[in-house]
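This report concerns only the one structure given below.
The values are calculated or read from the model by the stated rules, or taken from the named source; none is laboratory data. Not measured: the values here are computed from a predicted model. Here the Cβ positions follow ideal geometry from the backbone for every residue, glycine too, while neighbour counts run over all protein chains shown. Each accessible area value is taken on the protein alone, full model and side chains, heavy atoms only, with ligands, DNA and RNA left out. Shrake-Rupley method; radii C 1.70, N 1.55, O 1.52, S 1.80 Å.
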Amino acid sequence: MTTSTSLLTATDLWNMPGHGEGYELVLGELRPMPPSGQEHSIIGLDLATMLNAFVKSNKLGKITGADGGYILHKAPDTVRAPDIGFVKVDRLPNGKATQKYFPGPPDLAVEIISPHDVYEEVEDKVEEFLEAGTRIVWGINPRRKSITIFRGDNSITALRAADILSGEDVIPGFSLPISEIFA
């Protein structure tokens, strides 16, 4: 006997109560995204606030928070929500944010590792972003007070508390001491 499972689409996820809040869609299958802890949330909010202020004042694009979905793959659909996302202004339809999930990857994705995260799943998510076209992924590890930068060209850089985080050519001019992220 065979069982048939129908795959969900980005539209199905959007039409769920709360637009699928608390879930991501990976190749048509729902994946629960449990709430994060306070430390994770504070790091994300602080960094998103600093990034947003810089991006807004320089009219570079839009920053999204942990509930901002990006369609990374179609048929079967994958909708991921990084802890922080950034899309350059020239990729926004008419220079404005979309009402629903963004139809493509963010230019920058930030993933903050939570105590309940499984390392392989975080690694898979980083790889999905990069394969979809995300130019830079910042992997933030609060326990180690470190940031790993993954780039679309397959280069990786590890930063520690004494280093400076740069927006590189994705968010040109943005820089921040790592120590401020974990203050």
Exercise. How much of the accessible area of the chain, in percent, comes from carbon and sulfur atoms when a 1.4 Å probe is used?
Worked result: 53
Seminar exercise, completed: Per the Cα gyration tensor, region 24-178 corresponds to an equivalent ellipsoid with semi-axes, largest first in Å, of 21, 20, 15
Seminar exercise, completed: In Å², rounded to a whole number, the accessible area per residue of the chain with probe 1.4 Å is 56
Exercise. How about residue 125: which lysines have a C-alpha closer than 18 Å to its C-alpha, ignoring those fewer than 8 places off in the same chain?
Worked result: 74
Exercise. So, by mean Cβ neighbours within 10 angstrom, what's the order for 73-80, 17-24 with the highest one leading?
Worked result: 73-80, 17-24
Exercise. How would 168, 123, 111 line up by accessible area, probe 1.4 Å, largest first?
Worked result: 123, 168, 111
For this session: Under 15 Å from the Cβ of residue 38, count the other residues' Cβ atoms, weight Lys and Arg +1, Asp and Glu -1, and hand me the total.
Result: -2
Seminar exercise, completed: For region 158-165, Karplus-derived ³J(HN,Hα) couplings (6.51, -1.76, 1.60; θ = phi - 60°; whole Hz; x for glycine and proline) come out as 9, 10, 10, 3, 7, 8, 10, 7
Exercise. When the helix-only estimate is applied to the chain (DSSP H runs of n ≥ 4, each -39,500 (n - 2.57), divided by the residue count), what is the mean residue ellipticity at 222 nm, nearest 500 deg cm²/dmol?
Worked result: -7500 deg cm²/dmol
Exercise. For residue 96, which lysines qualify as cross-link partners when the Cα separation must be under 16 Å and same-chain residues fewer than eight apart are set aside?
Worked result: 56, 59, 62, 88
Problem set entry | Spatially proximal aspartates and glutamates relative to residue 100 (Cα-Cα < 13 Å; intrachain offsets below 8 disregarded) | 12, 21, 67
Seminar exercise, completed: Taking Cα atoms, the helix 119-132 axis meets the longest principal axis of the chain at an angle in degrees (rounded to 10) of 90
